[in-house]
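We did not get these values from a lab; they are worked out from the coordinates using the rules stated. For clarity, every value in this text was computed on a predicted model and none was experimentally measured. Note that each Cβ is placed from the backbone with ideal geometry, even for glycine, and that neighbours are counted across all protein chains shown.
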Amino acid sequence: MIILDGKTASASVRESLKKSVEDIINSGGRKPHLVAILVGNDGASETYVASKVKNCEEIGFESSLIRFDTTIDEGDLLNEIEKLNNNPLIDGILVQLPLPKHLNTEKVIEFIHPDKDVDGFHPTNVGKLVSGLDTFISATPYGIMLMLEYYKIETKGKHAVVIGRSNIVGRPMSILLSGNTAYGNCTVTLCHSHTTNLKELCLQADIIVAALGKPGFLTADMVKSGAVIIDVGITRVPDTTAAKGFRIKGDVAYNEVAEKASAITPVPGGVGLMTIAGLLKNTLKAYKLTH
Ligand code: NAD
């Protein structure tokens, strides 16, 4: 059994990006610049954004964090995004989700210029992805594809079951795995909360991507021997024995499933790190669009 280690795979991506930035600087260019927008002070969002900013700095990107109060008016937020859209020194813009309820997430995402949409959430970029065109790919599924590539996981002709159909993870994942690409060409079954025979489908799967946000959901009795397991779930489960009062849990019952799997991602230390790698690659891509 192989542990699909996000630390090793993401370090390899970061190393190659660092080299690209050095080449840009040596040829007189400027650093690619990512702007992260954080509305409010949700604990998990703070952690994710801090990690994105830190990773940018480590590979030589410029990064800025713009914070707004939870009560920000939607019009004011859109105005700020517009300024960033028009600023030629900003390459990538991301708005950390979830947003407070009074803000319309779809409207905010659609306001980001598609050429600066490094999260790959804009409908224009989603449309391009579905059409098999070159575009910004939603960072988490992109990171998973980079992980499959790093570990040379055979996907062609395999049956992949994706659990969860969200616009940011499950659905784009199903499109990527079914695409006619080196780490695609799977036959994909996309499952969701109304799927009635999930266990039966999972037992037929060579690859399972669990992205539903239910800790420990995928158990060993749902997994075929030798399957490749990708655990996307990140849930803070209260635990008084942990220093922070919670532990991060994935959607897979790791210990029992690892005994049957041929390869598995741990949580933490798996897909989360690859998501940042995907975001960084998208940011360099955005820079290259205008240079
Ligand atoms: P979401 O809540 O938007 O979607 C969950 C999906 O799971 C839905 O499509 C729903 O139909 C499906 N689902 C729920 N219960 C189900 C069940 N019993 N059987 C089958 N399907 C079921 O969630 P999301 O934004 O896609 O995130 C999913 C998980 O991935 C969360 O834990 C989230 O924190 C995590 N996540 C991790 C990363 C990362 O970088 N590792 C990035 C994004 C999201």
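Can you give me the Rg/Rh ratio for the stretch 44-144, using Cα atoms for both radii and the Kirkwood formula for Rh?
0.95
Here are some pairs, Lys199/Lys260; Lys52/Lys281; Lys101/Lys249; Lys7/Lys224; Lys158/Lys281; which of them have Cα atoms lying more than 23 Å apart in this structure?
Where the Cα-Cα span goes over 23 Å, the pairs concerned are Lys101/Lys249; Lys7/Lys224; Lys158/Lys281.
Using only the Cα atoms, what convex hull volume per residue in Å³ does the stretch 165-237 have?
Convex hull volume per residue, Cα atoms: 99 Å³.
Farthest toward the dipole's positive end in the chain, which of Met173, Leu280, Ala263, given Cβ charges of +1 (Lys, Arg) and -1 (Asp, Glu) about the Cα centre?
With unit charges placed on the Cβ atoms, the residue in question is Ala263.
Do the sum for the chain: with -39,500 (n - 2.57) for every DSSP H run of n ≥ 4, divided by all residues, what is the mean residue ellipticity at 222 nm, to the nearest 500 deg cm²/dmol?
Result for the chain, helices only: -12500 deg cm²/dmol.
State the volume of the convex hull built on the alpha-carbon positions of the stretch 139-272, expressed per residue in Å³ and rounded to an integer. It would help to have the intermediate numbers written out before the result.
Values: hull volume 14.2 nm³, N = 134.
That works out to 106 Å³ per residue.
What size of dipole, in debye to the nearest 20, comes out for the chain about its Cα centre when the only charges are +1 on Lys and Arg C-beta atoms and -1 on Asp and Glu C-beta atoms? Intermediate values should be presented prior to the final figure.
Details: 30 positive and 32 negative charges, 103 e Å.
With only Lys, Arg, Asp and Glu charged at Cβ, the dipole is about 500 debye.
Say R0 is 45 Å: what FRET efficiency, to the nearest 0.05, do Asn87 and Glu149 get from their beta-carbon distance? Spell out each step's value before the answer.
Working: r = 33 Å, r/R0 = 0.74.
After rounding, the FRET efficiency stands at 0.85.
Given Tyr142, Val35, Ser45, which one lies farthest toward the positive end of the charge dipole of the stretch 1-150, if we put +1 on the Cβ of every Lys and Arg and -1 on the Cβ of every Asp and Glu?
Tyr142
I'd like the orientation of helix 271-290 relative to the chain: the angle between its Cα long axis and the longest Cα principal axis, in ° from 0 to 90, rounded to 10.
Result, in degrees: 40.
Per residue and in Å³, how big is the convex hull formed by the alpha-carbon atoms of the chain?
134
May I ask for the angle, rounded to the nearest 10°, between helix 6-26 and the longest principal axis of the chain, with both axes built from Cα atoms and the value confined to 0 to 90°?
Around 30 degrees separate the two axes.
On C-alpha positions alone, give me the angle between the axis of helix 43-59 and the longest principal axis of the chain, in degrees, nearest 10.
Tilt relative to the chain: about 70 degrees.
Quick one: Kirkwood hydrodynamic radius for the stretch 98-182, alpha-carbon pairs, angstrom, one decimal?
This gives a value of 13.9 Å.
Given H placed on each backbone N at 1.01 Å, which residues far from Ala205 in sequence or on other chains put an amide H within less than 5 Å of it?
Under 5 Å from the amide H of Ala205: Lys224.
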